[in-house]
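So the structure is just underneath, and the comments pick up after that.
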Amino acid sequence: MKKDNNQLVMTLLKGRTFIVLILLVIFFSFASSSFLSLNTLTMVAKHVALYGILALGMTFVIITGGIDLSVGSVVGLVGMLAGGLIQEGFTFGDKTLYFTVPAIIVLMLCVGCLIGWINGIIITKLNVAAFITTLGTMYICRGLANLRSNGATFASIGGFEGLGNVGLKALGADWLGIPAGVYVFAILSFMAAILLNKTPTGWHFLAVGGNEKSAKLSGIKSDQVKIWAYIISGFCAAWIGLINTAQLSAAHPASGDGWEMNAIAATVLGGTSMSGGSGTIIGTIVGAFVIGVINDGMTMCGVSEFWQKIIRGAVIILAVIIDQTQRNLQAKMALQARNESK
Amino acid sequence: MFDDPNVVLHCEKIDKIYPGTKALDQVSFDLLKGKVNVLIGENGAGKSTLMKMIAGIEQPSAGKMYMDGEEVYFKDTNAARARGIGIIHQELSLFQNLTVYQNIFMNHEKTKGFFLDDAQHIEGAKKILKRLEHEIPPDTLVGDLRVGQQQMVEIARNLVEDDLRVLIMDEPTSSLSAAEVKVLFKIMRELLEQGLSIVYISHRLEEIMEIGDHVTILRDGKYVADADIKDITLEWIVENMVGKNTQYHRFTRSIDLDKSEKILEVKNLSLPKTGGGWLLDSVNMYLKKGEVLGIYGLLGAGRSEVFECLMGMRPEHSGEVIYNGKHMKIGTISDQLNAGFAIVPEDRQRQGLVQSLDICKNASLASLSDFTTGFLMNYPAEEKAVDEEIKELHIKVADKHLPILSLSGGNQQKVVIAKGLMTKPTVLLMDEPSRGIDIGAKTEVFEIIHEFSERGLSIIVISSELKEIMAIADRIYVLSNGKCTAELSGSTITEDNLVHASYAGLGTGKSAA
């Protein structure tokens, strides 16, 4: 009987993020009468997609034992580059070239991958700590974003019919009543889950994060695996750069400031271990929802921005405390049972 | 060109130089086809290093390797694997965070199109594990397995590919039970029949006599001898392995230990192992004032764990500790230091020293609070105390503010001992105090142990070297598989008794010849 109880506690602890999510939704729907409306849920989903897509990339990085602080700045930089390409085109010499929107999207995704690749190369080949490397690229990208327009905003990202570059705003619009970003989030989540669970590369991410020395001895090219994690992270950040710009109908150089922290928080809330080696995509998705629901729910209840930050911080720490408690409890229970049986 | 049909792989005058040491010195080695090639030698003889060259984990500094009549060079493990060379590592190199089948097929994944074929993985893992007579469910997390089971998974990993020609096994039995060893030997014989060649490294001499075909002995990085097992005896192996000059002078004691009171007593000390089994299983021992107590046992017998319990590093232990006649509640490490315990840990580089600090700071690290004025460090007092200790232990230092790594291994070890002694301990715990230091320094360390015990310090020494522990200890407990299997003193301290007891807990009932 007692064993059953313990197992129940364990199941509850393991599904805790999901339970917290449900409790939060129930709480906010009582606290604010308009929370459970279609409009609100659409808004929440729109915001969740922003953190969520960043968190997908972050999950791969953290699973390999790294961290990527540059994603927020990549969001800003990609937005500025895309906005600039639409409004001003690409000028060389006396010619100005305008790209179509699909071409711009592909180009921007390449920019994101390139920044991720640079992060990965510096971290693995030059042996600089991930924290320092991505802190550096975070500043550099933010600086470049400001440099592109001298700190000004690109306001007309709608494009011009005559130039054939109309259409980026579609990424910020609703399709069949659901924000476009949510579709992107869903597709990327699906791809990420397949990559992590169903391909050899997915195993390699877990192996490198779990025991890098063994991974190397197994013939896995751990440097390449890590570089890929940062490329994925940059790729995801580029998507958010585009979606965010489209949603705002403008490209602002300060966009995405601090969003890397939301992504890390969502990933950790989702059960990915900061020491690497374990984590799931579904966990990260739930984590992103928790962050999104807390943020929007508190705003709707009229909680001040200052208090929001305090509560968000407390929730993150609490989540990790519960995570550690669960592990300790599990180990302790097993040992105690054995000591008693002696 | 080297070409001999009976030799799978030939090493020609291999050198391996690490900063400061020459791990291999002009070693030539023939890996015979379809045989169990045994490599033996004491710790640090260069066995594992040589195998790392062959498996492509490290590359020789000089020398050549030949296979199939042509020179080969393995830049990494993949290159060696492509030639059919697999290795089972001494330290398990598994992924604790992944499942059994993921571990087995890591980097040998089976796919359907782009996707993993887990059904095939699970099927394949089951088949291999069945062959190994260990039907562990393939979706178990490796971190949840017993060490012996993990060892089997490690072996299974190497059997995944069919093109294996050479299997290197670096002490595969050190964590296996007797039944598991039997299964392993059976598998090895099967593999030989299939034309595989095996390199086998082990410290268990009686195992070597049972399974080995050809033996090669290394000592201090040099080749010593090789012979077919059928032509030789255990005595021959031991003689070549240890050399002739390892007799230590036995110290005579002036203290009458019979009249000395018990300072420390441990009752029913047990320590559970994660994943099942016991690291320590109801161990009882006592220590008298001024006594040098030895703890002997094979690797993994639970020797270091006794110290870890006493130093407060294993709060999950159970049992009673009586210290100075009173029941003692084991606290944190600093509580234990304050209570009069001090430890000289086994791994000097990782546990004993802080490499970035100088000699003086390393020595005073555990007793810094003794050298303060108010909140601030009193450097003159600290340096004076360190100077005294350096003089007393005859540590050869030009300047105590030099980096710790500028010292020889023996002098580094003395600094670690000085650190322990500077806490003014009542009980000093020394874990393999003579490991990795030269013979002169060993003798000096033994003299230090003797001298301080004569002054009334109670010392427990762990050693895996028979001759050493026989020379320094007044009384010896033998641990085997977490159990205390013998208590020897005076004339009962003999090599036979020690060796016999060290196997007694494994349940084989065999002693080394």
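Taking the range B:7-242, how much of its Cα-Cα pair set, in percent, is spaced more than 26 angstrom apart? Present the calculation step by step, with values, prior to reporting the outcome.
Details: 10701 of 27730 pairs.
Result: 39 percent of Cα pairs exceed 26 Å.
For the options A:Ile281, A:Ile291, A:Ile118, a Gaussian network treatment of chain A with springs between C-alpha atoms closer than 10 Å singles out A:Ile118 as fluctuating the most. Evaluating 6.51 cos²θ - 1.76 cosθ + 1.60 at θ = phi - 60° for every residue in the range B:27-35, the Karplus couplings come out as 8, 10, 8, 9, 9, 6, 6, x, 10 Hz, glycine and proline recorded as x.
Placing +1 on the Cβ of each Lys and Arg and -1 on the Cβ of each Asp and Glu in chain A, which of A:Cys110, A:Gly172, A:Ser233 has its Cα farthest towards the positive end of the resulting dipole? Checking the options against the dipole of chain A, the answer is A:Ser233. Partner aspartates and glutamates whose Cα lies under 18 Å from the Cα of A:Lys226, excluding those fewer than 8 positions away in the same chain, are identified as A:Asp68, A:Glu212. A simple rule links phi to the HN-Hα coupling: the Karplus curve 6.51 cos²θ - 1.76 cosθ + 1.60 with θ = phi - 60°, which for the range A:270-283 gives x, x, 6, 7, 5, 8, x, x, 9, x, 10, 6, 4, x Hz, with x for Gly and Pro.
Helices of chain B meeting both criteria, an alpha-carbon length of 15 angstrom or more along the long axis and an average Kyte-Doolittle score not below 0.0, with helices taken as full DSSP H segments, are B:178-193, B:439-454.
Counting other beta carbons within 10 Å of each Cβ, put A:Phe190, A:Phe92 in order, fewest first.
Lowest count first: A:Phe92, A:Phe190.
Principal-axis analysis of the Cα atoms of chain A puts helix A:2-14 at an angle of about 10° to the longest axis. Of the residues B:Gly436, A:Ser214, B:Leu376, the one whose Cα sits farthest toward the positive end of the charge dipole of the protein assembly as shown, with +1 on the Cβ of Lys and Arg and -1 on the Cβ of Asp and Glu, is B:Leu376. Angle of helix A:71-87 to the longest C-alpha principal axis of chain A, folded into 0 to 90 degrees and rounded to 10: 20°.
Within the listed set A:Asn165, A:Asn146, A:Asn127, the Gaussian network model of chain A (springs between alpha-carbon atoms below 10 Å) gives the highest mean-square fluctuation for A:Asn127.
If you add up the charges near A:Gly271, with Lys and Arg at +1 and Asp and Glu at -1, over every other residue whose beta carbon is less than 15 angstrom from its beta carbon, what do you get? In short, +2. Relative to the Cα centre, the charge distribution of the range B:7-242, modelled as +1 at Lys and Arg Cβ and -1 at Asp and Glu Cβ, gives a dipole magnitude of about 280 debye.
For B:Gly46, the residues whose modelled amide H falls within less than 5 Å of its own, excluding neighbours fewer than 5 places apart on the same chain, are B:Gly221.
Given the pairs B:Lys262/B:Lys467; B:Lys110/B:Lys182; B:Lys130/B:Lys182; B:Lys130/B:Lys483, which span a C-alpha to C-alpha distance of over 23 angstrom in this model?
Among B:Lys262/B:Lys467; B:Lys110/B:Lys182; B:Lys130/B:Lys182; B:Lys130/B:Lys483, the Cα-Cα distance tops 23 Å for B:Lys262/B:Lys467; B:Lys110/B:Lys182; B:Lys130/B:Lys483.
Each of A:Trp239, A:Trp228 was scored by other Cβ atoms within 10 Å of its Cβ. Arranged with the fewest first, they read A:Trp228, A:Trp239. Using the rule -39500 (n - 2.57) for each DSSP H run of four or more residues, divided by the residues of chain B, the 222 nm mean residue ellipticity is -9000 deg cm²/dmol. How many percent of Cα pairs in the range B:65-193 exceed 19 Å? Roughly 51 percent, once rounded to a whole number. Name the residue from B:Leu167, B:Leu337, B:Ala501 whose Cα lies farthest towards the positive end of the charge dipole of chain B, charges +1 on Cβ of Lys and Arg and -1 on Cβ of Asp and Glu. Going by the Cα projections, it comes out as B:Leu337.
For the pair A:Leu318 and A:Met43, what calculated FRET efficiency results from E = 1/(1 + (r/R0)^6), where r is the Cβ-Cβ distance and R0 = 30 Å, to the nearest 0.05? That pair, A:Met43 with A:Leu318, gives E of 0.70. When Rg and Dmax are taken over the Cα atoms of the protein assembly as shown, they come to 32.2, 107 Å. With contacts taken as Cα pairs under 8 Å at a separation of at least 6 residues, the range B:351-424 carries a relative contact order of 49 percent.
For n ≥ 4 DSSP H runs only, could you compute -39500 (n - 2.57) per run for chain A, divide by its residues and tell me the 222 nm figure to the nearest 500? Present the calculation step by step, with values, prior to reporting the outcome.
Details: 13 runs with 248 residues, N = 342.
-25000 deg cm²/dmol, from helical runs alone.
Ranking of B:Lys16, B:Lys273 by neighbouring Cβ atoms within 10 Å, starting from the fewest: B:Lys273, B:Lys16.
Within the range B:327-412, the trypsin sites (Lys or Arg not before Pro) that combine a DSSP coil assignment with at most 13 other C-beta atoms in a 10 angstrom radius are B:Lys329, B:Lys396.
Highest mobility in the GNM of chain A, judged by mean-square fluctuation with C-alpha springs under 10 Å and restricted to A:Gly202, A:Gly177, A:Gly162, is found for A:Gly162. Take the Cβ-Cβ distance between A:Lys14 and A:Leu114 as r, set R0 to 35 Å, and report the resulting FRET efficiency rounded to the nearest 0.05. Once rounded, the FRET efficiency stands at 0.35.
All of the numbers you see were taken from the coordinates with simple rules; none came from a lab. The structure presented is a predicted model; accordingly, all values stated were derived computationally and were not measured. No Cβ is skipped: glycine too gets one built from the backbone with ideal geometry, and neighbour counts run over all protein chains shown.
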